[in-house]
Amino acid sequence: MNLPGIEEPTKVPVECLRLDRRNPRLAGRVDHRSDEALIAHLYRSAELDELLLSMSINGYLDIEPLVVMNGSDGRLVVLEGNRRLATIRLLCEPELVARIRRDERLNLSVPEIGDGLRPTFEEATVYRVTDRNQARPLIGFKHINGPQKWDAYAKASFAASWYRDTDVGLDEIATSIGDRHDTIKRMVVGIYVLEQATREELFDIGDRVPRKFNFSHLYTALARSQYMEYLGLPRGWTQYDPEPNPVPAERMPELRRVLRWIYGSKSDEEKPVVRRQNPDIKRLGEVLAKPEAVHELRVTRNLDRAYEVAEPVTARFTKSLIDARRALQVAVGSVRAYDGRDGSLLEVSEDIKETADVLHSRMKEKHGKAGGHR
């Protein structure tokens with residue numbers, strides 16, 4: 001493996017390595033002040049169980065070098081390989097495991113290392129780079145379209161950091177990591193909006209209600225015209241290169257509402273109104289376009305009721321008519337289940353008939369006035 005700017009592989013003591021606090025898996029999600037918090041998050045989200053079991057049985061198989069750079073504290077920052085380093089530390093540092101269990105309230109399950117395997121954890125092969133930029137193409141491709149894919153938020157954090165910290169354009173970033181330009185752009189846009197909300201203390205990822213952070217909900221919403229207008233973003237703004245702080249200052253209350261409607265707030269016991277991306281992101285967008293529907297949503301936090309207010313009357317009428325026909329067809333298909341003893345059900349069917357007759361009569365009258373005779 002020969003990468004430009006990356007030195008020949010060398011072995012270094014594991015104690016010289018430290019976790020990367022800017023790792024995209026961790027960005028914005030954990031307290032970066034402690035290794036305990038970082039490792040706890042990796043354990044929860046990065047499936048360390050399999051690595052722990054494998055390494056405890058086979059030792060550390062030093063096949064794929066870690067990618068590192070010099071850190072400010074004299075140790076080497078692991079840019080690629082944080083899961084492996086976290087696993088090694090859990091297996092070899094029982095006092096660290098005890099602190100994580102206590103401070104992070106995490107029920108860690110760490111197996112014992114097999115006999116004679118402990119020496120395999122003392123050193124690791126590394127490639128040393130001078131800065132993050134030299135390692136980004138390799139790391140990005142591996143985790144965005146390669147064998148060890150990140151989730152959408154980690155991908156977006158990585159791309160946004162690369163774009164912000166260098167003169168590299170989004171086209172080149174997309175090409176380097178093997179993804180579409182418009183996808184990377186939407187992700188970076190979403191990160192900038194999220195960072196703005198975090199700085200303004202409108203939203204905290206850790207305060208969300210869903211266990212999984214569905215970042216795609218946000219960048220999908222921001223590409224829809226209704227969200228743009230509600231947040232004061234110019235139409236077509238996603239066509240241009242992303243800029244920090246895209247939402248106008250006077251629209252911070254609206255941004256806070258949108259993020260809480262999508263993700264909720266544990267601290268304020270507010271559940272999200274968006275249950276799944278399709279169709280709820282689209283429906284929420286249509287609610288945002290109608291002030292009376294927004295008011296209904298703010299008062300009730302019920303997306304279904306707010307959408308009824310936002311939905312055009314003609315669309316609501318068509319849907320209700322088709323739904324009624326479908327329900328009656330089901331009833332006709334099941335009429336054999338009626339044994340004739342319950343007179344109240346017969347009365348219900350008579351009410352349905354009378355209602356249907358009134359509906360049909362009024363529709364026929366309007367159809368005639370509109371010149372719709374055949």
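The values are calculated or read from the model by the stated rules, or taken from the named source; none is laboratory data. Remember, it's a predicted structure, so these values are computed and weren't measured experimentally. Cβ: placed from backbone, ideal geometry, glycine included. Neighbour counts: every protein chain shown. All accessible areas refer to the heavy atoms of the entire protein, side chains included, with ligands and DNA or RNA removed. Shrake-Rupley method; radii C 1.70, N 1.55, O 1.52, S 1.80 Å.
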| remark: Expressed per residue, the solvent accessible area of segment 214-312 in Å² (1.4 Å probe) is about 51
| remark: For residue 261, the accessible surface traced by a 1.4 Å probe with all protein chains present amounts, in square angstrom to the nearest 10, to 10
| query | Just 271, 364, 142 to compare: in a GNM of the chain, with alpha carbon springs under 10 Å, which one fluctuates most? | reply | 364
| Where labels lie 7 Å past Cα in the beta-carbon direction, separation of residue 181 and residue 53 in nm | 4.5
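Find how much the distance from residue 338 to residue 277 grows on full extension, using 0.36 nm per residue of separation minus their present alpha carbon separation; answer in nm with one decimal.
Values: separation 61, 0.36 × 61 = 21.96 nm, distance 4.08 nm.
Additional length available on full extension: 17.9 nm.
With the other protein chains left in place, how much accessible area per residue, in square angstrom, belongs to segment 9-130 at a 1.4 angstrom probe?
50
What number, rounded to the nearest 500 deg cm²/dmol, is the helix-based mean residue ellipticity at 222 nm of the chain, given -39500 (n - 2.57) per DSSP H run of at least four residues and division by all its residues?
Values: 16 runs with 200 residues, N = 374.
About -17000 deg cm²/dmol.
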| note | To the nearest 0.05, the calculated FRET efficiency linking residue 345 and residue 300 through their beta-carbon distance, R0 being 35 Å, is 0.55
| task | Check the straight Cα-Cα distances from residue 290 and name the lysines below 23 Å, setting aside those fewer than 8 residues away within the same chain. | result | 271, 282, 319
| Most fluctuating residue given options 73, 103, 351, as computed from a GNM of the chain linking Cα atoms under 10 Å | 351
| For the residue pair residue 292 and residue 102, what label-to-label distance in nm results when each label sits 7 Å from Cα along the Cα-to-beta-carbon direction? | 6.1
| message | At 7 Å along Cα-to-Cβ for each site, give me the label-to-label distance between residue 243 and residue 355 in nm. | response | 5.5
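Suppose every Lys and Arg Cβ carries +1 and every Asp and Glu Cβ carries -1, with no other charges. What dipole size does segment 220-374 come out with about its Cα centre, to the nearest 20 debye? Present the calculation step by step, with values, prior to reporting the outcome.
Working: 28 positive and 24 negative charges, 85 e Å.
Using only the charged Cβ atoms, the result is roughly 400 debye.
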| Which residues does a label at residue 320 reach in segment 257-287, if reach means a backbone N under 20 Å from a point 7 Å past the Cα toward the Cβ? | 287
